[in-house]
Structures are given as C-alpha cells and as structure tokens.
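Please treat every number below as a calculation from the coordinates, not as lab data. Not measured: the values here are computed from a predicted model. Note that we place each Cβ from the backbone using ideal geometry, even for glycine, and neighbour counts take in every protein chain shown.
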Amino acid sequence: MEAEAEAERSSTSSEDISVSSYDSSLVKNPNSEEEQREEEEQSDCNDYEDVHQAKRRKYVAVFRDSDDEDRISDLSDSIILSILAFLPTKDAIKTGVLSKRWVQLWTSIPSLSFSDAGYFKNAKVFASNVDSALLLHSAPKLSNFLLEFWYNSQFKTRVDDWVRFATAAKVDQLSLKLSSNHYKNSEAYVLPEDLYANEFVSEFEFCFCKIFPTGVVNWSSLKRLCIGYTALPEEAIAKVLMGSPKLEYLELCNCCQVKLLGIVSDSLRKLVIKDHLRHSYFPAVELEIVAPKIESLEILGNFDRNKCRIKDVSALVEAKLDFHMSMGCRCKKEDACKEYQDIVRGLLESVHHVKELTVGPWCLMVLSIMSVKHRPFPSLKCKRLTVKTSMKKWDFLGIASLLQSSPYVETLVMDIKSPDNSGSEFLGRRYFHTRKFNEVSHWKSKKIRFKSLLQYLKTVKICGCVERLFHRKEVFISVVQFLLKNAKVLEKMVISEALVTQNQHMVHEFRQLAQKLISFPKSSPQVMVMSCSHISKII
C-alpha cells in the first residue's frame with residue numbers, strides 16, 4: 001500500500017506543484033530519513049521506471065516529433081545543461097522525472113535561480129528547499145545566482161550560507177532581490193564582510209541590504225552594480241567605487257539617504273538614479289550629483305518632494321530626464337510650479353552640452369508652464385532629442401519651446417505614451433484646467449518661428465501609442481506640417497511599426513493621413529515619409 005501511494009504521488013501532475021515554492025519531493029537531502037524510506041519502497045517495487053512512468057510520459061511527449069523520436073535526449077549533457085540554465089531552478093529540478101539520465105542532470109547546471117512569490121506563507125518552506133537544492137548541486141562554477149524572497153532577520157544565517165555558496169562557486173552574476181516591510185537599515189540584511197573580497201563577480205544586484213564594509217572593498221571584476229531600497233551611506237558608496245576599478249554601470253533605486261553623490265571613478269560610464277522617495281523614517285533630502293567623468297545619466301521615476309541637482313557632468317554625452325515630483329497637500333500651486341521650473345531649468349542647464357537628450361512627460365509639462373510664464377529656456381546643443389508625450393494639448397507648448405532651444409538637433413523622436421497617473425497628468429490638470437489654449441493655432445503662429453530653427457533636422461521618428469496619435473490628429477498634422485515646412489534638410493519621417501495595428505479602420509485612417517502629409521509644403525527638396533504599412537515619397 002505504501003508503494004502504491006508513493007507511485008500515485010509521483011504521478012501527480014506538475015501543475016499541482018506550488019509555483020511559489022520548490023517541491024521538496026523533487027529535491028531531497030540524500031541523508032534524510034524520508035529519502036531512505038523512499039529508497040526502501042522503490043527497492044520493493046524493483047522498478048524505478050514504473051514509479052515515474054506516468055509523469056515521464058507527460059514530459060517526454062513534449063520532446064518527441066511526429067516520428068516518435070526523442071531528439072532532446074540525443075543532445076549532449078553540455079547542451080542540455082545550457083538549456084536548463086534558462087529555467088527557474090524549481091523547473092529545472094522537475095525535469096528529473098523524465099528518465100534516469102535526467103535525475104541528477106540538473107545538479108550540474110551553471111545557473112541557479114530561486115524565487116518565492118509566496119512571501120509570508122512560504123518563506124520557511126522556500127528556505128528549506130533552497131538548502132536542499134544547494135546541498136545536491138555540484139557544478140564547480142556558477143554563471144548566475146538569483147535569490148528573491150521575503151526577508152526577515154530569522155533568515156540571516158541561512159542567507160549568509162547561500163551567499164557563501166555562490167561566492168565559493170566563483171559566481172559571475174549575483175542577485176539578492178530581497179523584500180521587506182521595513183525600510184530601516186536595522187531590519188535589512190547585512191551583507192557578509194567576506195563578500196567584499198569577491199574577485200570574480202562582474203554583475204551584482206541587491207535590494208533591502210545593508211552595505212557598510214569595515215575594511216577594503218575588492219571587487220576587481222565588477223562591471224555592473226545595482227542597489228535598490230537601501231539606506232546607503234555616502235562613505236559606503238565611496239569605498240565601493242574605490243574598490244571597483246572596472247565598474248562601468250551604477251544604478252541606485254530608492255536609496256533615500258544619499259545627499260551627495262560624488263563619483264570620481266575613471267571607469268564608470270553610466271549612472272542611473274531611479275526613484276528617490278521621501279520615506280517617513282528619513283527627512284526630505286536634496287540629491288546633488290557630481291560626476292565629471294560619466295558619459296550617460298538617467299534620472300527616472302518618482303522623486304516625491306526630494307530635489308535633485310546636477311553640479312558637474314562635464315563629460316556627459318547622453319542624458320534622460322524622465323522623472324516626476326509631488327506637490328504635497330499643503331503646497332500652494334503657484335509656489336510649487338515656480339519651484340519645479342527652477343528644478344527643471346537647472347537640470348537642463350547642467351546637461352545643455354549633451355548630444356542626446358530625452359525629456360519625459362512631467363518635465364515636458366513643466367516646460368509648458370515655463371512657456372506660459374515666458375521664462376527663458378537654456379540653450380541646448382543636443383543632436384538627438386527624444387520627447388515623451390501623451391499628446392495632451394499643453395504638451396505642445398513644451399515641445400515647441402524645446403525645438404526653439406535646440407537649434408542643432410538632427411534627429412527628433414516623439415515617443416507617444418498612454419496617459420497615466422504620474423505627476424504630469426496631475427500637474428497639467430491642476431495648472432491648466434482653467435486656461436484656454438488652441439494648440440493648432442500655436443503651431444501655425446509666428447511665435448515659434450525664427451531664423452535658426454530646424455536648420456540641421458534630418459530625421460523625425462514617431463513611435464508609441466497609435467490611439468493617442470489619432471486622438472490628437474489635428475494637432476499632429478499641424479506639427480508635421482510645421483516640421484516639413486521649416487526643416488530645410490529633412491530626409492525622412494518614420495512612423496514606427498509599433499504604431500500600426502490590426503485595426504483596419506485605423507490602418508485606413510493612417511493611409512488617409514499619409515496621403516495628406518504628401519501634399520504639405522516643404523523646405524527640403526526630397527523627403528521620405530515611411531511606415532510599415534505605407535511608404536510615400538514627397539516629391
């Protein structure tokens with residue numbers, strides 16, 4: 001009876017295995033009493049194949065062709081291991097039911113990925129299964145090690161052991177994506193001191209971890225570092241940068257305690273600051289960036305009421321300003337708008353020399369307010385300008401002002417986004433709801449025309465949400481008409497394939513629109529208007 005029950009459990013469908021934790025019946029400690037009982041039961045059956053036959057049939061059928069030939073099993077172990085490395089470890093373990101050859105195959109995969117979506121309920125089961133999997137794993141070298149689960153201090157010792165396992169296997173890419181209800185540094189996982197002497201890791205990502213090395217950091221192979229949801233002391237990041245001579249990419253996500261980010265690394269090329277929320281544990285801060293040698297800077301996400309200033313980025317080539325801020329309940333509308341204008345203007349002045357500039361919806365809305373207020377814009381030297389817009393009527397004031405301030409632009413990208421709940425929508429409704437504005441007339445007026453405008457513009461690219469484009473078709477036509485008439489060296493206007501849908505009515509409208517574009521006056525003697533569904537030559 002016990003053998004029959006075991007066979008029935010073994011033939012259970014893989015769908016019955018919890019998605020958020022690893023099936024402990026598939027990963028066992030060979031020294032456990034439970035496995036010894038299982039081996040005794042299987043020896044009584046005298047047929048391992050019979051015990052797993054039902055489950056094998058289900059999996060093997062997937063790998064057979066029309067001639068009932070199992071081609072997957074004909075592959076070498078190295079190729080199969082490469083395939084298994086792309087799977088979450090729990091799924092790679094499940095392949096052990098396919099045949100005797102596959103039982104131990106997963107133990108040699110060079111990539112381990114442990115992710116628990118169950119949070120509180122499955123954390124202990126998850127930890128036990130990770131322990132079991134690592135006990136059986138035998139690959140001498142790891143390319144990837146991912147750990148993702150809900151952390152609390154009771155797991156500190158076990159996480160230390162898992163990290164040491166990965167570092168002992170000379171892991172190349174290490175990810176500790178921990179989650180927690182607490183933002184206090186005292187509740188975060190403390191990175192073990194010996195981790196700072198890892199000479200092999202080239203990519204390291206961690207969240208909700210405390211980083212404070214007491215000694216020297218030696219990350220001599222590290223090229224990419226991502227730190228998230230961490231109260232990051234300035235002295236800690238200084239030690240990390242000093243001990244990472246090959247670091248090229250640094251991303252800080254919601255590292256709220258950072259006030260001065262001074263980067264003097266000779267190797268660092270790209271800096272990404274994403275989200276800078278003001279948490280109740282910490283006061284609002286003003287982030288100041290001093291990075292004279294970086295070439296790419298991205299400021300993204302929600303900055304709440306935390307300010308950001310760029311003091312020195314003299315080597316910068318590319319900048320992306322796609323963030324938003326919150327007014328706060330007690331903040332007066334006019335005071336907030338003036339403060340936002342000062343912030344955005346200051347950022348643009350700091351990156352005025354970059355060759356590639358991206359402006360997000362919130363910054364674009366602030367620029368529109370500056371245009372209404374007749375505040376001066378900094379002169380920009382960018383050759384590629386990307387504007388993210390939801391095609392709100394007030395966005396076009398900001399777009400026009402950016403073009404006026406960018407006389408050297410050669411490529412203009414309009415990335416049309418769907419309206420969202422970001423600060424741009426809130427700011428627009430709060431500031432512009434009582435103001436009247438005809439965006440079509442604005443583009444036809446003389447306010448945005450002057451001698452140096454669009455003398456170098458060669459390419460216009462339009463991409464994103466086609467529904468928004470047709471929602472504002474009249475003003476879109478006005479903008480295109482303006483560009484064609486004033487861009488003296490324009491070579492092509494490209495509408496991205498992403499805009500074209502299977503909606504036949506929309507395709508028909510687009511073709512009518514393309515025909516209308518052909519008839520517009522133009523400065524350039526030859527322009528191509530292109531899309532994946534329609535290509536027209538303006539003669």
Per 5 Å bin from zero, what fraction in whole % of the C-alpha pairs of region 83-228 is there, up to the bin with the longest pair? 2, 9, 19, 23, 20, 15, 8, 3, 1, 0
Ranked packing of 153-161, 123-131, most packed first, by mean Cβ within 10 Å: 123-131, 153-161
Take the alpha carbon gyration tensor of region 143-300, find the square roots of its eigenvalues, order them as a ≥ b ≥ c, and report rounded if a/c is under 1.5; if not, report prolate when a/b exceeds b/c, else oblate. oblate
Size of electric dipole in region 82-158: Cβ of Lys, Arg +1 and of Asp, Glu -1, about Cα centre, debye, nearest 20: 160 debye
Distant-in-sequence amide H partners of V272 (H built 1.01 Å from N, under 5 Å): L250, E251, L252, E298
Could you work out how much longer the chain between V290 and R164 gets when fully extended? Use 0.36 nm per residue separation minus the Cα distance between them, nm to one decimal. 41.9 nm
Karplus-derived 3J(HN,Hα) from phi for region 152-164 (6.51 cos²θ - 1.76 cosθ + 1.60, θ = phi - 60°), whole Hz, x at Gly and Pro, runs 9, 4, 5, 9, 4, 5, 5, 5, 4, 5, 5, 5, 5
Once each part is reduced to its C-alpha centroid, what is the distance from region 121-197 to region 78-105 in angstrom? 22 Å
Translational D (Stokes-Einstein, µm²/s) of region 81-131 at 20 °C and 1.002 mPa s when Rh comes from the Kirkwood sum over C-alpha pairs? 183 µm²/s
Checking the table K270/K392; K141/K293; K388/K522; K381/K492; K311/K338 against a 28 Å threshold on Cα-Cα, which pairs fail? K270/K392; K141/K293
